[in-house]
Amino acid sequence: MLIDTHAHLTYKGLVEDVDGVLARAREAGVGGFLTVGTDLEDSKKAAALARKEPDVWASVGVHPHDVSSMTEKTLDALCELAKGEKVVAIGEAGLDYFRDRSPRDLQRKWFRAQAARARELGLPLVVHDRDAHEPTLAIIKEESKKGLRGVMHCFSGDLAFAREVLATGFYISIPGTVTYPSNSTLRDVVMGVPAEKLLLETDCPFLAPQKMRGKINEPAFITQTAAFVAELKGLSFEDIGRITARGAKELFGIGEAEGAKIAYSIRDSLYLNVTAKCTNRCVFCPKNRDSVVKGHDLSLRGGDPSAEELLKAVESEGGPARWSEVVFCGYGEPLTRLDAVLKVARELKKRGARRIRVNTDGLGNLYHGRDITGELAQVVDSISISLNAPTKEQYNLICRPSLDGAYESMLDFLAKCAKKIPEVTATAVAMEGVDIKACAEMARAAGAKFRSRPYNELG
């Protein structure tokens, strides 16, 4: 499912054939639409359309171009409208110093006023920012400290600005302009921030993606933006759709998000969520923030799944042969459940699994009090081991192990696996202060490959 989080379905070029516009988008796989008002009358139309269509929601607000005639009465009317059925946000509101169709002091006044009302109503804010990055950010920072949530729509800043926006808790929305050959700045943003912080939009009828330039943009074209973003992120089309749809659900409450998963896909691999228990408490671990990874909810509310439940989950995802590999990973340390891993891996091999991989912190021998690498070698084709630091002292600071002697045991485990398992990779998260080159040299000395994993403190 894809969600178009910013459309103007009441605008000329779309409203004349809105039924056809929506039908074409649904056929293309778009499962939800946020139609955005830009003045009081347009907001009323947006709200009315949302009430009519089951998969359309509305945002109500006054665009910076139109704030010259805005009054407190206008703001009150918007807020009453915002309390209505299927209105899920305030906006678009913000600053536009490119066209300057309204005086800048009035733009700032009514942007602040709409931001404050959104916060008071418990609604997210849809922000317009054009050539006004610093004053826009200043207002967002002030209001976000008081609890305001929202999205910077049609993002036009650079990566440094994007990180400042994300630090406020706001999302960044990516339009079809990311596909324009000249827009390397926005592509750098997409590649440099977590996919979980991105939303997708068309801003239709404007800003058609590259292949449709010159045509009236419409929600069906968001598939082209999604495919382009997926390629930039090294993810599948399905991955980026799922991730951004969950973001739309979390921010606006629109669309659908899947429930907790035991077996979950990323790219062409199937991952198995074996346990929430872990032998390390790494400072970079995403579960320090929430239970979602790449759009999948990995909270094991029913406890650790049995071997039978794990196998059933694999079959529900098309069976092991469908995937390039099956990976024991999840939100905890899989080798704390060694028996289940071995049992499931053996059965998956019988059922046609092409490759079995284990992602581990490398403390299996220490945890079980014996050398388990020989048992793993019987069923595992590949193993990825978290090295993370070139010294014991730094490892303990970053990984915060619960077991004494963890660093030494991890290094010994890495060396033993390198002698027994066909493919062994040591990894390190590229946090500030970590000597990645030294980690790579240690991996090679142990007979393993090395991979540096990107780090982003925001997700």
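The values are calculated or read from the model by the stated rules, or taken from the named source; none is laboratory data. Please read all numbers here as calculations on a predicted model, not as lab measurements. Here the Cβ positions follow ideal geometry from the backbone for every residue, glycine too, while neighbour counts run over all protein chains shown.
Worth a mention:
- Qualifying residue in region 306-323 (condition: under 25 Å from Arg453 (Cβ atoms) and touching a Pro at 6+ places or on another chain (Cβ under 8 Å)): no
- Test: residue in region 48-68 that is assigned to a loop (DSSP other than H, G, I, E, B), at pLDDT 95 or above and more than 22 Å from Leu14 (Cβ to Cβ): no
- Leading residue by the ranking (surrounded by the most Cβ atoms within 10 Å (Cβ to Cβ)) among those in region 83-117 that are in contact with a strand residue (DSSP E or B) (Cβ under 6 Å, 6 or more places away or on another chain) and more than 21 Å from Glu142 (Cβ to Cβ): Val87
- From the list Ser182, Ser269, the one residue that fits, being more than 13 Å from the chain's Cα centre (by Cα), without any contact (Cβ under 8 Å) to a residue 24 or more places away in the chain and farther than 17 Å from Ala25 by Cβ, is Ser182.
- The single condition from (1) part of a loop (DSSP other than H, G, I, E, B); (2) out of contact with any strand residue (DSSP E or B) (no Cβ under 7 Å at 6 or more places or on another chain) that Lys416 fails is (1).
Results for (1) out of contact with any helix residue (DSSP H, G or I) (no Cβ under 8 Å at 6 or more places or on another chain); (2) at pLDDT below 95; (3) not polar (S, T, N, Q), shown as yes or no for each residue.
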| site | (1), (2), (3) |
| --- | --- |
| Arg117 | no, no, yes |
| Gly122 | yes, no, yes |
| Ile139 | no, no, yes |
| Arg149 | no, no, yes |
| Tyr171 | no, no, yes |
| Thr177 | no, no, no |
| Asp188 | no, no, yes |
| Leu199 | no, no, yes |
| Ala208 | no, no, yes |
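- The condition of being touching a residue at least 24 places away in the same chain (Cβ under 8 Å) and under 17 Å from Val283 (Cβ atoms) does not hold for Thr360.
- Contact map, region 156-167: residues that are not assigned by TED's automatic domain parsing to the domain that holds Asn183 and at pLDDT below 95 paired with residues that are surrounded by fewer than 19 Cβ atoms within 10 Å (Cβ to Cβ) and among the charged types (D, E, K, R), Cβ distance under 7 Å, separation 6+ or inter-chain. No pairs are found.
- Matching option when the condition is in the same structural domain as Asp361 (by TED's automatic domain parsing), among the hydrophobic types (A, V, I, L, M, F, W, C), touching a residue at least 40 places away in the same chain (Cβ under 8 Å) and within 30 Å of Arg119 (Cβ to Cβ), among Val326, Val292: Val292
- Exclusive hit being in the same structural domain as Ala406 (by TED's automatic domain parsing), exposed (fewer than 15 other Cβ atoms within 10 Å of the Cβ) and out of contact with any Leu (no Cβ under 8 Å at 6 or more places or on another chain), set Asp304, Asp297, Asp339: Asp339
- Those residues of region 197-231 which are out of contact with any strand residue (DSSP E or B) (no Cβ under 7 Å at 6 or more places or on another chain) and part of a helix (DSSP H, G or I), in sequence order: Gln210, Lys211, Met212, Phe221, Gln224, Ala227, Phe228, Ala230, Glu231
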